[in-house]
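As structure tokens, the structure follows; a few thoughts come after it.
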């Protein structure tokens, strides 16, 4: 009897595992299908209208019927008046970074679009969330923002959560940097961290042949022997990148005490303000609410074509999270 119960239990466990796997794949495919339907192109959202509708929705719930009709009539009159008068515009770009700064491709398209239509009096709000990553990728992202500045289009970078390392490399380009009180800012430094398995492989009698042409073609690696000369060369390369980083920050924020802030440390928003890393304490929401009092606000978002495997990986990740939540509830 006991053996039968054990076999049944194992069979039941296998069945549940198989069902969970099928559910996971199904969720991933559904998510992938949804993503595939999203066409490539520019999406433009009227943020002022969205903010006004949200506020009026709350007002409408609190006002009597007669007052609601009066408010609706007032809004129509305001919309007509705004159409007849030229107004300043704020173009809102969102950049959510990862280690590869993969949003740079979309940022390029968004900057291209803004440069094509921007007029005198317009400005750009960059809502930046970026903890840094690869040097060349984040350097390119920062260069896209430099294009706005060189064309004389005022750029405001708003940091609600984090702009560190490569993220601050982007933020420093802005004419004005705003940070939330507990946003992480700074980390003006360079890091290389490479695990080395050479000793572990030697203990198991495994050798790795590394052949190179060029004295410094490969220095510190995961499997090769690391010499003092290799370490010194890697440090030299990191120092060079750090110098370039410091020079760019100094170019756009000349009042900074680089000896004080370019140490690789990070600070929270209020302390970053004291050090001169940011210009104002606040959130992107507060800045935008104030801006729409005198200007229109348009969110500019490029939806690019993604490779099938990238879509599948993202879909499986989201599907996995949904499946995990479902299993927890059950």
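Would you be able to say whether some residue in the range 240-254 is modelled with pLDDT of 85 or more, assigned to a loop (DSSP other than H, G, I, E, B) and not assigned by TED's automatic domain parsing to the domain that holds residue 139? Among the residues of the range 240-254, at least one is modelled with pLDDT of 85 or more, assigned to a loop (DSSP other than H, G, I, E, B) and not assigned by TED's automatic domain parsing to the domain that holds residue 139, which makes the answer yes. Going through the range 152-165 one residue at a time, which ones are touching a helix residue (DSSP H, G or I) at 6+ places or on another chain (Cβ under 6 Å) and farther than 11 Å from residue 128 by Cα? Within the range 152-165, 155 is the sole residue that qualifies.
Outside the structural domain of residue 158 (by TED's automatic domain parsing), touching a helix residue (DSSP H, G or I) at 6+ places or on another chain (Cβ under 9 Å) and at pLDDT below 55: does that describe residue 326? Yes; evaluated as a whole, the condition is true for this residue. Of all residues in the range 112-135, those satisfying the criterion of being part of a loop (DSSP other than H, G, I, E, B) and over 19 Å from the mean Cα position of the chain (by Cα) are 118, 119, 120, 121, 122.
Picking from residues in the range 194-230 that are closer than 21 Å to residue 134 by Cβ and in contact with a helix residue (DSSP H, G or I) (Cβ under 6 Å, 6 or more places away or on another chain), the one that is surrounded by the fewest Cβ atoms within 10 Å (Cβ to Cβ) is 216.
Could you tell me which numbered condition residue 127 fails, if it satisfies all but one of (1) under 20 Å from residue 296 (Cα atoms); (2) buried (at least 24 other Cβ atoms within 10 Å of the Cβ)? Single failed check for residue 127: (2).
In the range 90-111, is there at least one residue being over 16 Å from the mean Cα position of the chain (by Cα), buried (at least 24 other Cβ atoms within 10 Å of the Cβ) and closer than 22 Å to residue 249 by Cα? Within the range 90-111 (the criterion being over 16 Å from the mean Cα position of the chain (by Cα), buried (at least 24 other Cβ atoms within 10 Å of the Cβ) and closer than 22 Å to residue 249 by Cα), the answer is no, since none of the residues qualifies. For residue 252, the conditions (1) in contact (Cβ under 8 Å) with a residue 60 or more places away in the chain; (2) within 14 Å of residue 189 (Cα to Cα); (3) surrounded by 15 or more Cβ atoms within 10 Å (Cβ to Cβ) all hold with the exception of (2).
The values are calculated or read from the model by the stated rules, or taken from the named source; none is laboratory data. Keep in mind that what you see is a predicted model, and the values were worked out from it rather than measured. Counting neighbours? That spans all protein chains shown, and the Cβs are built from the backbone with ideal geometry, glycine included.
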